[in-house]
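Q: I'd like to ask some things about the structure below.
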Amino acid sequence: MAQKLPHKDVVIIGLGWTASILANELTDEGLEVVAIERGPWRDTGTDFNINYVQDELRYGIRLDLFQRPTQDTVTFRNNGDQTALPVRQFGSFLPGNGVGGAGVHWNGHTWRFLPSDFRCRSHLEERYGANFIPSELSIQDWGVTYEEMEASYDKFEYLAGISGQAGNLNGQQTGHGNPFEGPRKRDYPQGPLPMNYGPTIFAEAARKCGYHPFPTPAANSSGFYTNPLGLTMGPCTMCGFCERFACANYSKASAQVNVLPHLMQKSNFEARTNCEVMKINLDSTGKKATGVTYVDSSGEEWEQTADLVISCAFIFENVRLLMLSGIGEIYDPKTQKGTIGRNYAYQTNSGIQMFFDDKNFNPFIAAGALGQSVDDFNGDNFDHSGLDFVGGSGFNCIPTNARPILNRPTPPGTPKWGSEWKKATKDHYLSTLSYSLQGSSYASPGNHLDMDPAYTDRFGRPLMRMTFDFPDNDIRMTSYCTDKAAEIAKQLNPKQMVVSKRKKPYSVVPYQSTHNTGGAIMGTDPTKSALNRYLQSWDVPNLFVIGANAFPQNAGYNPTGTVGALAFWAAEAIRTQYLKNPGALVQA
Amino acid sequence: MKRLIRYTLVALALGSSAAYAGDDQSFTAIQKGRDLAILGDCAACHTAPGGQAYAGGLELQTPFGIIASSNITPDRETGIGAWSDEQFYNALHNGTTPHGSHLYPAMPYPAYTKLTREDTDAIHAYLQTLQPVNKSVVTNRLPFPFNIRADMAVWNALNFTEGTFKPDPQKSPEWNRGAYIVEGLGHCGTCHTPKNVMGGDKNSAHLEGASLQGWFAPNITNDQRLGIGSWSEDDLVQYLKTGSNARTIASGPMAEEIEKSSARWTDADLKAVAVYLKDLKPAHPGDNAQPIAADDKRMTAGAAIYKDRCAGCHQDSGKGGAKLFPALAGSAIVQQPDATTLMRVVLQGSQGAGTSGAPTHPAMPSFSHTLNDDQVASVLTYIRNSWGNAASAVAGGDVKSLRKNSPGG
């Protein structure tokens with residue numbers, strides 16, 4: 001029996017980026033807020049020591065900062081005819097664990113989605129006609145527009161001290177930056193990082209192809225920056241240990257660097273770590289959340305009551321908690337009814353590798369988001385008339401690292417070990433340049449999340465079951481875009497180039513991306529979305545669910561910029577509307 | 001709050017002895033006492049780690065042995081609940097207890113003697129409002145012969161000058177307020193003034209820096225190189241209020257002082273302290289120390305280590321970055337004659353002050369496992385003698401002995 005704890009105004013599940021933002025905004029309203037985090041406390045000073053933080057074996061291979069499969073995992077299958085099996089070693093995606101969440105070990109690419117991304121279905125129908133969208137796709141509008149989101153994007157970018165270059169200021173092209181981006185009210189808070197050699201020649205070649213390269217917007221700080229909370233970032237040293245690693249230099253934006261030292265000083269905020277939420281509790285009507293039940297590290301069960309519950313975990317746990325708590329109806333792909341688990345999507349990536357013998361890229365001088373991007377073939381930035389797909393890909397030349405264990409580029413045909421392999425790694429370590437395509441992942445009725453009928457976690461709760469394969473639309477999209485991207489490599493005339501197109505079936509083994517999205521999506525129709533446009537549950541109005549779970553489908557961009565913006569967007573709605581008049585902010 | 005300060009200023013300016021009216025349990029008196037207790041940072045010493053505030057028990061390491069702070073909650077048995085205002089005044093003013101015995105000067109009565117009676121009454125009134133905590137503390141843990149309290153009569157005769165602060169009529173009320181805080185309640189000299197063999201203040205070297213508890217409290221006179229000569233009043237105010245300014249970030253005991261005490265002072269008091277400190281004479285006006293030559297073996301070794309291990313944060317220029325990485329170039333703490341703080345910070349790491357004005361709370365990591373004694377010595381010699389800095393070389397042996405006393409060293 002859970003022991004009851006003193007009531008709070010707000011209980012937040014998790015303590016990563018979105019939880020920190022919501023907690024900070026709501027404590028500013030004077031509310032008593034508690035965050036309940038499954039993993040350990042971590043902060044820069046204590047846990048991210050410069051003398052060991054670049055330990056590739058500990059962090060890069062043994063995945064020290066990540067969720068352990070014994071804590072929680074998912075089962076996986078490609079389609080409904082298969083039996084799902086549990087992922088016993090994370091591979092394709094690497095969910096985070098602990099304070100800061102996946103925002104500790106990210107690379108820092110911080111994008112805004114395109115205006116057309118937010119009105120995905122309406123936009124495509126308006127531009128190409130009602131029948132253009134392939135019938136295998138269940139893409140939807142978000143219920144919020146880019147114009148409405150602009151202020152929230154701005155808040156996140158200034159909080160995180162993003163380094164970049166505006167392409168579109170108030171509707172005017174600036175002549176640099178991304179010409180395809182939606183209009184922004186002001187420039188990035190910091191100028192772009194100094195560019196290194198690989199991306200520089202990539203950009204020159206892209207321009208020769210008629211494309212429009214620009215510095216990738218980065219959460220790796222290009223200088224000293226103090227954010228609106230008074231928290232300071234230092235310039236990135238380009239050590240090349242971003243993804244899978246924490247930053248010791250206060251250079252990569254994270255909850256630890258950009259929010260928590262401020263938040264932790266507030267007397268009306270409390271963080272409880274190593275505490276895992278079991279479920280969101282409902283009252284007898286099933287329409288009101290009364291708080292959460294959680295288990296601490298000694299196995300004790302506690303009930304934390306609160307007026308408002310905000311679920312800020314990673315998408316898998318956000319969606320699973322809804323299912324475990326009996327909130328909303330679990331989506332059934334056969335009837336296409338139900339909202340929880342609907343529109344799970346991912347990212348459709350491919351890559352191009354170039355081997356030179358006359359170039360030295362010094363690839364170890366790198367940062368997670370230091371590079372050049374091309375957006376000409378992203379989203380609906382190009383005319384899809386006459387093409388057999390919707391969606392697109394960003395081209396990103398961002399050589400993030402040359403870490404000694406995992407980064408040993410060798411041409412195809414090289415043995416995997418022995419003296420020939422050694423010679424090949426020596427020959428190609430400095431002179432290989434890769435770039436990648438990050439493609440949209442459009443929802444399809446068969447791709448979804450639900451509860452596994454067989455496998456349970458250590459508490460006996462059903463694991464989440466993931467059913468996913470790339471829709472044929474997305475395979476056609478990535479093939480087309482990869483050919484367009486290969487034009488850049490041809491300009492550079494490498495000795496050898498290797499084009500790796502994405503193929504079906506999707507595999508959970510090789511790492512692809514931790515950009516898992518959907519499952520509790522936002523929208524305008526309560527029969528097709530779990531959340532309204534403010535990320536408020538249609539079913540339980542004193543519950544908000546924040547994160548990439550809300551994306552109706554995924555765009556060709558990294559999600560963190562949009563996730564951060566959604567956190568500010570929801571916080572604003574809670575502060576200015578919900579607290580004055582608690583209840584549904586949109587009538588179903 | 002503003003009114004209280006004005007009262008105090010008027011009182012100091014006029015030399016009046018009736019600064020505030022009303023009974024000692026009035027809200028105004030208690031409020032004033034609380035602010036004064038913060039100004040004096042009483043809780044810092046009178047609270048054990050993890051213990052209840054003001055209940056004592058913190059062990060102070062002195063050159064003579066351990067002294068634990070006493071319980072000053074109003075518990076009648078184990079605290080000071082039975083003390084009168086007069087007895088409380090005597091403890092602060094003369095270092096004597098109600099039983100007639102002597103306090104050890106770890107309780108800084110040589111500074112507190114400057115407090116006015118009104119102020120000690122107000123502090124006492126505030127302390128009487130605290131929750132009594134029944135907790136006995138054996139304060140005197142000194143070895144023989146220092147454990148004989150009667151020794152203190154002799155000590156006092158040689159090292160202690162009793163006397164309430166006398167305002168200097170030639171100076172502004174602000175300067176006098178600053179002097180009252182620095183020399184009295186703020187007891188800056190307790191850390192920053194070197195001690196003689198008996199542990200008394202070496203008055204000839206007032207505020208010129210001293211080592212204590214494995215740290216070196218730097219010179220805070222107006223020396224250009226070693227003190228705060230190049231600091232503006234605003235630099236000082238920002239430092240004391242937030243823990244950092246464009247030049248440096250507080251660490252160690254000073255970070256604690258700022259977080260618990262001076263970050264909570266009024267702006268007027270901060271300004272007054274800055275005005276007073278900036279008016280102090282430099283201790284070594286003709287100082288022209290010469291740096292160790294850049295081609296010295298220790299310097300070239302240190303330069304290589306600096307580039308590899310330090311420059312990422314502190315920058316090649318040694319200028320660091322405001323509020324995050326302290327500047328080493330031109331830093332007084334870097335150039336103190338005693339490099340204890342530097343060695344300690346490199347070996348053990350250190351978390352800078354975190355306040356609402358500078359919340360980042362940045363940390364210097366420990367390098368004890370990646371740099372050996374000679375490497376620490378070389379890199380410190382390098383930073384002490386680069387970018388215009390000049391100071392004595394650090395020896396590997398000094399690092400070695402400090403490391404022996406470092407946790408995890």
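Q: Looking at region B:19-90, which GluC sites (Glu not before Pro) are in a loop (DSSP not H, G, I, E or B) and have at most 14 other Cβ atoms within 10 Å?
A: B:Glu77
Q: Something else now. Using a Förster distance of 30 Å, how high is the FRET efficiency between A:Thr335 and A:Ala130, based on the Cβ-Cβ distance and rounded to 0.05?
A: Efficiency at R0 = 30 Å is approximately 0.80.
Q: Suppose a student asked you for the relative contact order of chain B, using Cα pairs under 8 Å spaced at least 6 residues apart; what percent would you report?
A: Relative contact order comes out at 13 percent.
Q: Considering only A:Thr527, A:Met497, A:Ser434, whose Cα is most displaced toward the positive end of the charge dipole of region A:428-542, charges sitting on Cβ of Lys, Arg (+1) and Asp, Glu (-1)?
A: Farthest towards the positive pole: A:Met497.
Q: Another one. Using the Kirkwood radius over C-alpha pairs as Rh, can you work out the diffusion coefficient of region A:3-578 via Stokes-Einstein at 10 °C, viscosity 1.306 mPa s, in µm² per second?
A: Using the Kirkwood radius from Cα pairs, D works out to 66 µm²/s.
Q: Return the sequence-ordered ³J(HN,Hα) values of region B:312-329 in whole Hz as given by the Karplus equation 6.51 cos²θ - 1.76 cosθ + 1.60 applied to θ = phi - 60°, using x for Gly and Pro.
A: Computed from phi, the couplings for region B:312-329 are x, 9, 7, 6, 4, 6, x, 8, x, x, 3, 6, 10, 10, x, 5, 9, 5 Hz.
Q: In the structure shown, do any of A:Lys279/A:Lys580; B:Lys202/B:Lys278; B:Lys32/B:Lys271 have a Cα-Cα gap over 25 Å, and if so which?
A: A:Lys279/A:Lys580
Q: If you count, for each residue, the other Cβ atoms within 10 Å and average over each peptide, how do A:70-81, A:430-441, B:287-298 line up from highest to lowest?
A: In decreasing order of mean packing, A:70-81, A:430-441, B:287-298 become A:430-441, A:70-81, B:287-298.
Q: For region A:235-345, what's the relative contact order in percent, using C-alpha pairs closer than 8 Å and at least 6 residues apart?
A: 14 percent
Q: Return A:Arg119, A:Arg186 ranked ascending by Cβ neighbour count within 10 Å, so the fewest neighbours appear first.
A: Neighbour counts put them in this order, fewest first: A:Arg186, A:Arg119.
Q: In whole percent, what relative contact order does region B:173-279 give with Cα contacts below 8 Å and a gap of six or more residues?
A: 29 percent
Q: Relative to the Cα centre, what is the charge dipole magnitude of chain A, using +1 at the beta carbon of each Lys and Arg, -1 at the beta carbon of each Asp and Glu, and rounding to the nearest 20 debye?
A: Value, rounded to 20: 1220 debye.
Q: Round to the nearest 0.05 the FRET efficiency obtained for A:Glu420 and A:Lys490 when R0 = 41 Å and r is the Cβ-Cβ distance.
A: E between A:Glu420 and A:Lys490, to the nearest 0.05, is 0.90.
Q: Under 5 Å between amide hydrogens, which residues at least 5 positions from A:Lys337 or on another chain qualify, with H placed 1.01 Å from N in the peptide plane?
A: Those qualifying (amide H under 5 Å, at least 5 residues apart or on another chain) are A:Asp332.
Q: Let me ask something else about it. Rounded to a whole number, what is D in µm²/s for region A:456-588 from Stokes-Einstein with the Kirkwood radius over alpha-carbon pairs (4 °C, 1.567 mPa s)?
A: After rounding, the answer is 72 µm²/s.
Q: By its C-alpha gyration tensor, with a ≥ b ≥ c as the square roots of the eigenvalues, how is region A:154-233 shaped: rounded for a/c under 1.5, else prolate for a/b larger than b/c, else oblate?
A: Oblate.
Q: Could you list the square roots of 5 times each eigenvalue of the Cα gyration tensor of the protein assembly as shown, that is, the equivalent ellipsoid semi-axes, sorted largest first and rounded to whole Å?
A: Ellipsoid half-lengths, sorted descending, are 58, 35, 25 Å.
Q: Once the other residues with Cβ under 9 Å from the Cβ of B:Ala272 are scored (Lys, Arg +1; Asp, Glu -1), what is the net sum?
A: Combined, the nearby Lys, Arg, Asp and Glu give 0.
Q: Where does each of A:Trp421, A:Trp302 land when they are ranked from fewest to most other beta-carbon atoms within 10 angstrom?
A: The order, fewest Cβ neighbours first, is A:Trp421, A:Trp302.
Q: For region A:496-588, give the magnitude of the charge dipole about the Cα centre (Cβ charges: +1 Lys/Arg, -1 Asp/Glu; no others), in debye to the nearest 20.
A: Once rounded to the nearest 20, the dipole reads 380 debye.
Q: Here's something else I'd like to know. Could you give the angle, 0 to 90 degrees to the nearest 10, between helix B:117-127's Cα long axis and the longest principal axis of the Cα atoms of chain B?
A: 80 degrees
Q: If I histogram all Cα-Cα distances within region A:274-347 using bins 10 Å wide from 0, what percent of pairs lands in each bin?
A: With a bin width of 10 Å, the distribution comes to 18, 45, 28, 9, 0.
Q: Further, regarding this structure: Do any trypsin sites (Lys or Arg not before Pro) in region A:487-588 lie in a DSSP loop with no more than 10 other beta carbon atoms within 10 Å, and if so, which?
A: Qualifying residues, ordered by number: A:Lys580.
Q: Further question on the same structure: With both partners inside the protein assembly as shown, how many of the DSSP beta bridges are antiparallel, as a percent to the nearest 5?
A: Once the DSSP bridges in the protein assembly as shown are tallied, antiparallel ones form about 70 percent.
Q: On to the next question. Report the charge-dipole magnitude of the protein assembly as shown in Debye, nearest 20, computed about the Cα centre from +1 at each Lys and Arg Cβ and -1 at each Asp and Glu Cβ.
A: 1640 debye
Q: Right, here's the next one. Give me D for chain B in µm² s⁻¹, whole number, from Stokes-Einstein with Rh from the Kirkwood sum over alpha-carbon pairs, 25 °C and 0.890 mPa s.
A: Roughly 109 µm²/s, to the nearest whole number.
Q: Taking the alpha-carbon distance from B:Lys166 and a cut-off under 19 Å, which lysines remain once sequence neighbours fewer than 8 residues away in the same chain are dropped?
A: Straight-distance partners of B:Lys166: B:Lys114.
Q: With the dipole of chain A worked out from charges on the C-beta (+1 for Lys and Arg, -1 for Asp and Glu) around the Cα centre, which of A:Ala35, A:Phe389, A:Ala548 lies farthest toward the positive end?
A: Ranked along the dipole, the leading option is A:Phe389.
Q: Taking each pair of different alpha-carbon atoms in region B:66-190 once, compute 1/r for the pair, average those values, and report the inverse of that mean as the Kirkwood hydrodynamic radius in Å to one decimal.
A: For region B:66-190, the Kirkwood estimate is 15.6 Å.
Q: Tell me, what ³J(HN,Hα) does each residue in region B:32-43 have, in order and in whole Hz, if you take phi through Karplus 6.51 cos²θ - 1.76 cosθ + 1.60 with θ = phi - 60° and put x for Gly and Pro?
A: 5, x, 5, 4, 5, 5, 5, 4, x, 6, 4, 5
Q: Here's a follow-up. Using a 10 Å cut-off on Cβ to Cβ distances, tally the other chain neighbours for every residue of B:312-318 and report the average as a whole number.
A: Whole-number average of other-chain Cβ neighbours for B:312-318 is 3.
Q: What's the average, rounded to a whole number, of partner chain beta-carbon atoms within 10 Å of each residue's beta-carbon in B:360-371?
A: 6
Q: Amide H neighbours of A:Ala35 under 5 Å, counting only residues 5+ apart in sequence or on other chains, H built in-plane at 1.01 Å?
A: HN-HN under 5 Å from A:Ala35: A:Ile12, A:Glu270, A:Ala271, A:Arg272.
Q: Please compute the net charge surrounding B:Trp175, taking Lys and Arg as +1 and Asp and Glu as -1 over other residues with Cβ under 11 Å from its Cβ.
A: +1
Q: Quick one: compute a quarter of the convex hull surface over the Cα atoms of region B:297-405 and quote it in nm².
A: 6.5 nm²
Q: For a protection proxy built on the mean count of beta-carbon atoms within 10 angstrom, sort B:232-242, A:355-365, A:35-45 highest first, please.
A: In decreasing order of mean packing, B:232-242, A:355-365, A:35-45 become A:35-45, B:232-242, A:355-365.
Q: Treat the count of other C-beta atoms within 10 Å as a stand-in for reagent exposure and order A:Phe459, A:Phe551 from fewest to most.
A: A:Phe459, A:Phe551
Q: Please give the net charge around A:Phe118, taking every other residue with its beta carbon less than 12 angstrom from that of A:Phe118, where Lys and Arg add +1 and Asp and Glu add -1.
A: So the surrounding residues net to -2.
Q: Ranked highest first by average number of other Cβ atoms within 10 Å, how do B:41-54, A:9-22 line up?
A: Sorting B:41-54, A:9-22 by mean packing, highest first, produces A:9-22, B:41-54.
Q: Pull up all non-local amide H partners of A:Asn349: gap of 5 or more, or a different chain, and H-to-H distance under 5 Å with H placed in the peptide plane.
A: A:Gly439
Q: Which percent of Cα-Cα pairs in region A:438-503 sits in each 10 Å bin, short to long?
A: 17, 30, 22, 18, 11, 3
Q: Hey, if you put +1 on the Cβ of every Lys and Arg and -1 on every Asp and Glu Cβ in chain B, which of B:Ile123, B:Ala55, B:Ala322 ends up farthest toward the positive end of that dipole?
A: B:Ala322
Q: Next up: Rg (Å, one decimal) plus Dmax (Å, integer) for the alpha carbons of region A:205-280?
A: 17.9, 57
Q: If you take all C-alpha pairs in region B:173-279, what percent of them are over 18 Å apart?
A: When all Cα pairs of region B:173-279 are counted, 47 percent exceed 18 Å.
Q: May I pose another question? I need the semi-axes of the equivalent ellipsoid of region B:50-134: take the C-alpha gyration tensor, multiply each eigenvalue by 5, square-root it, list largest first in whole angstrom.
A: One finds semi-axes of 19, 18, 11 Å for region B:50-134.
Q: On to the next question. In whole Å, what are the Cα extents of region A:187-313 along the three principal axes, biggest one first?
A: 65, 33, 30
Q: Tell me the Rg and the Dmax, in Å, that the Cα atoms of region A:99-219 produce.
A: Expressed in Å, the Cα Rg and Dmax of region A:99-219 come to 16.7, 46.
Q: So what is the orientation-averaged projected area of region A:255-315, using the convex hull of its C-alpha atoms, in nm²?
A: Hull-based average projected area comes out at 5.6 nm².
Q: Related question: Please report, for the Cα atoms of region B:108-181, the Rg to one decimal and the Dmax as a whole number; what are they, in angstrom?
A: 17.1, 48
Q: Which value at 222 nm does chain B reach when only helices count, each DSSP H run of 4 or more adding -39,500 (n - 2.57), with the total divided by all residues and rounded to the nearest 500 deg cm²/dmol?
A: Mean residue ellipticity at 222 nm (helix-derived): -10500 deg cm²/dmol.
Q: Where Rh denotes the Kirkwood radius from the mean inverse Cα pair distance, what is Rg over Rh for region A:363-455?
A: Looking at region A:363-455, the ratio lands at 1.14.
Q: What is the count of Lys pairs in region B:297-405 whose alpha carbons sit under 22 Å apart, if the two are 8 or more places apart or on different chains?
A: 4
Values quoted throughout were computed directly from the atomic coordinates according to the rules given, and no laboratory measurement underlies them. If you're wondering where the values come from, they're calculated on a predicted model, not measured in any experiment. Every residue, glycine as well, gets a Cβ built from its backbone with ideal geometry; the counts of neighbours run over all protein chains shown.
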